[in-house]
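Taken together, the values in this text are just the output of simple stated rules run on the coordinates, not laboratory data. Bear in mind the structure is a predicted one, so any value in this text is a computation, not a measurement. Don't worry about glycine lacking a Cβ; one is built from the backbone with ideal geometry, like all the others, and counts go over all protein chains shown.
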Amino acid sequence: MNKNDKTRSGDLQRTTKETDIRIKLNLDGTGEAKIDTGVGFLDHMLELFAVHGSFDLEIACTGDVQVDAHHSVEDIGICLGRLIHQLLSDKRGIERFADVTVPMDEALCRSVVDVSGRPFLVVRAAAGSELHGKTGDFDLELVEEFLRAVSTYGLLTLHIVIEDGKNGHHIAEAVFKSFARALKRATRIVSDRIPSSKGIL
Ligand SMILES: [Mn+2]
């Protein structure tokens, strides 16, 4: 365990002309979620993320959803990424890498995380399993925008491989669940050293 045994929890607020977001995260939580983003499908996905990653997560967002959900989804990703980066501090003791595959009925998604200090997102999908079109009124292409924001501001290398799936709602669930599980594993404390040959992450 981390010698300092600090709770890795915190919060941040970010206000622009497009969105007003407050977010609280405990990386060492138990899956308590209180999510109100103004975008119903994103609430559903972030609740899955909290529960399956055993993160405590609170998000309140007021955004320009009269335009569409794009700004809210992207800006929540920015805030979540930024807060993850802050809470990991010097990343001492973390597992760093994780590779988790999760099914959701016919959908299957593999998420590979490296808490590398370098933002890089790869999203690859098998033919016919790409995230596009809509589920309800939610534009499924926004899932990738969310992941890009988390990766960029969390300084995470993230490979999302959608191996199978027909139903967009199922595919998105498999993405969020596998990402949550992989992030939980990659950020768990397993030693007291910084897991890099360079001595810094
Ligand atoms: Mn569902």
Discussion item. Students often get this wrong, so check it: of K34/K134; K6/K34; K6/K177; K134/K166, which have C-alpha atoms separated by over 18 Å?
Written reply: K34/K134; K6/K34; K6/K177
Worksheet item: Most fluctuating residue of L183, L42, L158 in a GNM of the chain with Cα springs under 10 Å: which is it?
Response: L42
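If I take all pairs of Cα atoms in the stretch 24-82, what percentage of them are more than 16 Å from each other?
In whole percent, the share of Cα-Cα pairs in the stretch 24-82 beyond 16 Å is 38.
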Discussion item. Regarding the stretch 31-123, what's the average projected area of the Cα-atom convex hull, expressed in nm²?
Written reply: 7.1 nm²
Worksheet item: Where does helix 40-53 land angle-wise versus the long Cα axis of the chain, in degrees 0 to 90, nearest 10?
Response: 30 degrees
Worksheet item: So what's the net charge close to K17: Lys and Arg +1, Asp and Glu -1, counting the other residues with Cβ under 15 Å from its Cβ?
Response: -4
Worksheet entry | Gain upon complete extension [E141, K17; 0.36 nm per residue less C-alpha separation] | 42.3 nm
Discussion item. Could you work out the pair-distance distribution P(r) of the stretch 45-195 from its alpha-carbon pairs, with 10 angstrom bin width and percents rounded to whole numbers?
Written reply: 12, 42, 35, 10, 1
Discussion item. Translational diffusion coefficient of the stretch 82-161 at 20 °C, 1.002 mPa s, Stokes-Einstein with Kirkwood Rh over Cα pairs, in µm²/s as a whole number.
Written reply: 155 µm²/s
Worksheet item: Based on DSSP H runs of at least 4 residues, each adding -39500 (n - 2.57), what is the mean residue ellipticity at 222 nm of the chain after dividing by all its residues, to the nearest 500 deg cm²/dmol?
Response: -11000 deg cm²/dmol
Response to the item:
For the chain, percent of DSSP beta bridges that are antiparallel (nearest 5) comes out at 75 percent
Discussion item. Considering all alpha-carbon pairs of the stretch 133-184, what whole percent are spaced by more than 15 angstrom?
Written reply: 48 percent
